[in-house]
């Protein structure tokens, strides 16, 4: 079963993940290019994905060709392409006690900053069946609730506020590039766009028709 797919920033590569614990990269317009054996999560030394790979995400283009993969074995692997075309892989062991169901990258630069100024940040968000969210501001859940998480400053605890209860499984949330529009895909087939009003309440902007 295919669980996720993602196209890179330049539209040249499609990555896919599946229940057989593998990740494949397809050159768009070309032949399938499986990851080299040494870099396939199924064959990693000490960091093998022993179960389904549920979610994949390409990093922001400023960080280069880098793919994060979340697995049901609780780990996250991050694969980075080298200049010679090979892949280096790092593994975050026990990212969650149980299934990692979602991975996503934070912007490499702060919103509103000039590209090229300051240091680039490599930050990942992950979500799992243990109901723990790491460093995120929006989460979706099978119970139908979409929650917006905030914290005042570094070191403070994250506080969550239910944005909306869709009363159907909410499978995916995704921010616009500017961070002010949130799309929500729900199990009943609807995809809706939401925006925060001046009073802090979230309002539905539109419903996307398939």
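We did not get these values from a lab; they are worked out from the coordinates using the rules stated. Values in this document were obtained by computation on a predicted structure and should not be read as measured data. All Cβ positions, glycine included, derive from the backbone under ideal geometry; neighbour counts span all protein chains shown.
Given points 7 Å out from each Cα along the Cα-Cβ axis, report the residue 119 to residue 204 separation in nanometres with one decimal.
Calculated label separation equals 4.4 nm.
Rule-of-thumb check for the stretch 143-210: C-alpha Rg over 2.2 N^0.38 Å?
So the Cα radius of gyration is 1.17 times the expected 2.2 N^0.38 Å.
Where in the stretch 75-97 is the amide nitrogen less than 17 Å from a point lying 7 Å along the Cα-to-Cβ axis of residue 27?
81-87
List the relative contact order of the stretch 143-210 as a percent without decimals, with contacts defined as Cα pairs under 8 Å and 6+ residues apart.
22
Once R0 is set to 35 Å, what does the formula 1/(1 + (r/R0)^6) return for the Cβ-Cβ distance between residue 190 and residue 12, expressed as a FRET efficiency to the nearest 0.05?
In this case the efficiency is close to 0.65.
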